[in-house]
Structures are given as structure tokens and as C-alpha cells.
Amino acid sequence: MRCPYCRHADSRVVDSREADDGQLIRRRRSCPECGKRFTTVEEAVLAVVKRSGVTEPFSRTKIIGGVRKACQGRPVDDDSLALLAQRVEETVRAKGAAEIPSHEVGLAILGPLRDLDEIAYLRFASVYRSFDSLADFEREIETLRAVARAREQGRADAVEAAGRTN
Ligand SMILES: [Zn+2]
């Protein structure tokens with residue numbers, strides 16, 4: 001790796017450590033010419049294959065940009081968006097493929113976005129799944145209600161189970 005300070009063609013690795021749960025490796029490097037130190041990050045390239053067949057590197061920034069549009073006017077902060085993008089990346093990387101179709105990236109966004117904000121989720125899903133009628137929205141809202149009910153039920157079950165063990 002070329003030194004970013006003096007452009008010397010080589011550098012020496014003085015330390016390597018995993019970051020982000022082994023998703024990346026950070027290397028501390030030293031330039032034998034000017035003695036300055038710098039850090040590089042190495043990570044497996046994950047390519048997203050668009051419908052057109054064109055591939056582009058997976059980007060959390062792109063995920064955040066897309067989801068932010070759906071979150072306009074909603075109480076969703078930047079930290080939540082960053083966390084969502086991280087969850088999406090973990091989901092798609094967990095598939096273990098070097099290339100992933102863009103619609104799978106969209107699918108991976110739906111779950112965490114539903115947990116984050118139901119209105120933003122509906123907006124995103126309506127574009128992503130090309131809703132073209134009120135019936136599409138009704139179906140999706142019914143699903144949201146079913147998920148909320150299941151959650152309530154799960155909570156009730158947990159409380160009941162805790163009651164039994166005490
Ligand atoms: Zn140098």
C-alpha cells in the first residue's frame with residue numbers, strides 16, 4: 001500500500017485487528033520512507049446486482065438515503081437509520097454470497113424498517129412492492145396489525161410464563 005503522505009510505493013503492517021465482528025480488518029501501517037503511520041481497512045466486497053444487470057458495491061449510505069426519503073416528517077433519527085443500515089448489511093452479508101440481487105437488499109430493509117416506523121415502512125413498501133391500489137395498502141396494514149397483535153400476544157404469554165415460574 002502506497003504511503004498517503006510521501007507517496008512511497010510500499011509500507012509495513014505494524015498491527016492488524018478485526019473490527020465490526022470480523023466483517024473488516026483494520027491495519028496500522030508504517031512508511032519506511034517518511035516514518036508516518038496510517039490505517040487501512042480491508043473488507044470483502046459485496047456487490048449489488050441491479051435489475052438492469054449492472055453491479056455496484058453495497059453501500060450503507062445508499063440504504064440510508066433510500067430509507068430517509070420514506071422517513072420524511074417521521075420521528076426517526078440518524079442513529080436509528082445508521083443502525084438499520086447496519087442490520088441490512090448484516091442480513092445480506094450473512095447469506096455468504098459475493099453478489100446479491102438488489103431486490104433482496106430491499107427485502108432486507110422491510111423488516112427493520114417495520115420495527116422502526118410503520119408509516120415509513122408503508123411508504124417504502126408501497127414503492128418497493130409497486131402498490132397500485134388501496135387494496136394493496138389495506139393488505140399491508142392488515143399484516144402490520146397482525147404483527148402488532150402477535151407482539152402483544154407474545155408479551156402476554158411472556159408475562160404469563162413469568163407468573164407461572166414465580
Ligand atoms: Zn511516507
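The values are calculated or read from the model by the stated rules, or taken from the named source; none is laboratory data. Computed from a predicted structure; not experimentally measured. Here the Cβ is made from the backbone with ideal geometry for all residues, glycine too, and neighbour counts use every protein chain on show. For accessibility, only protein heavy atoms count, side chains too; no ligands or nucleic acids. Shrake-Rupley method; radii C 1.70, N 1.55, O 1.52, S 1.80 Å.
Of note:
- Rounded to 10°, Cα long-axis angle of helix 102-116 versus longest principal axis of the chain: 60 degrees
- Average accessible surface area per residue within the chain, 1.4 Å rolling probe, Å²: 66 Å²
- Here the calculated FRET efficiency for Met1 and Lys69, from their Cβ-Cβ distance with R0 = 35 Å, stands at 0.40, rounded to the nearest 0.05.
- Length available on full extension from Lys62 to Ala146: 0.36 nm per residue minus the Cα-Cα distance, which gives 27.2 nm.
- Compared with the dominant Cα axis of the chain, that is its longest principal axis, helix 134-165 is turned about 90°.
- Note on Arg51 and Glu99: their simple-model spin labels are 1.9 nm apart, each label 7 Å out from Cα toward Cβ.
- Within the accessible surface of the chain, defined with a 1.4 Å probe on protein heavy atoms only, the carbon and sulfur portion equals 49 percent.
- When both segment 28-104 and segment 113-131 are represented by their alpha-carbon centers, they are found 20 Å apart.
- Under 5 Å between amide hydrogens, built in the peptide plane, is the criterion, and for Ile100 it picks out Ala47, Val48, Val49 among residues at least 5 positions away or on other chains.
- Within straight-line reach of Lys50, meaning a Cα separation under 19 Å, sit the following lysines at least 8 residues removed in sequence or on another chain: Lys62, Lys95.
- Between helix 78-94 and the chain there is an angle of about 80 degrees, using the helix long axis and the longest principal axis of the Cα atoms.
- Separation of the Arg28 and Asp15 label points, Cα + 7 Å toward Cβ, nm: 0.2 nm
- Whether the chain is rounded, prolate or oblate, judged on the alpha carbon gyration tensor where a/c under 1.5 counts as rounded: prolate
- Highest-first packing order for the peptide set 49-55, 9-15 is 9-15, 49-55, based on the mean count of other beta carbon atoms within 10 Å.
- Computed per residue of the chain from DSSP H runs no shorter than four, each worth -39500 (n - 2.57), the mean residue ellipticity at 222 nm is -17500 deg cm²/dmol.
- Cysteines without a disulfide-compatible neighbour (Cβ-Cβ under 4.7 Å), the chain: Cys71
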